[in-house]
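Nothing in this text is a laboratory measurement; each read-out follows from the coordinates by a stated rule. Small disclaimer: the values here were computed from a predicted structure and weren't measured. Using ideal geometry, Cβ is built from the backbone for each residue, glycine included, and neighbour counts are taken over all protein chains shown.
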Amino acid sequence: MRALKKDILKHDEKAYIEISKLNSELLNPQRIIEKQNIELKKFNQLLKKISIEDSLTGSYNRRYFYNYMRENVLPSQSDNSMGLVLIDFNHFKAINDQFGHDTGD
């Protein structure tokens, strides 16, 4: 009887170890996916920043301006007044020539 009890305990212990190992293997892919999701969110934030900022000056670019107008100004054109400021930089051609016209917006 003792030998049988001992065999059952050994079997239970082996089964517990095997179940623990399988559970660990199941959790590992989930952790990998969670890490990849975090990285993906960071890259998406970076891509969004790159897509709306001028790479030369760091100021907002034409895409940001168009999106802002479409989302905020055009829908509220009822009785609200709006002002627009345009800035023209003199001699900016030299900067564009040095860094390339595609670099700045």
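Can you tell me the length gained on complete extension of the stretch Gln98 to Ser20, counting 0.36 nm per residue apart and subtracting the Cα distance? Before the final figure, lay out each step's value.
Working: separation 78, 0.36 × 78 = 28.08 nm, distance 6.28 nm.
Taking Gln98 through Ser20 to full extension adds about 21.8 nm, to one decimal.
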### Query
About the Cα centre of the chain, what is the dipole size in debye to 20, counting +1 per Lys and Arg Cβ and -1 per Asp and Glu Cβ, all else neutral?
880 debye
### Query
How large is ³J(HN,Hα) for each residue in the stretch 82-89, as worked out from phi by the Karplus curve 6.51 cos²θ - 1.76 cosθ + 1.60 (θ = phi - 60°), to whole Hz, x for Gly and Pro?
9, x, 9, 10, 10, 10, 10, 8
### Task
Report, in deg cm²/dmol and to the nearest 500, the calculated mean residue ellipticity at 222 nm for the chain, where each DSSP H run with n ≥ 4 adds -39500 (n - 2.57) and the sum is divided by the residue count.
-22000 deg cm²/dmol
### Query
So how long is each side of the stretch 2-99 along the principal axes, counting just the alpha-carbon atoms, biggest first, in Å?
96, 45, 10
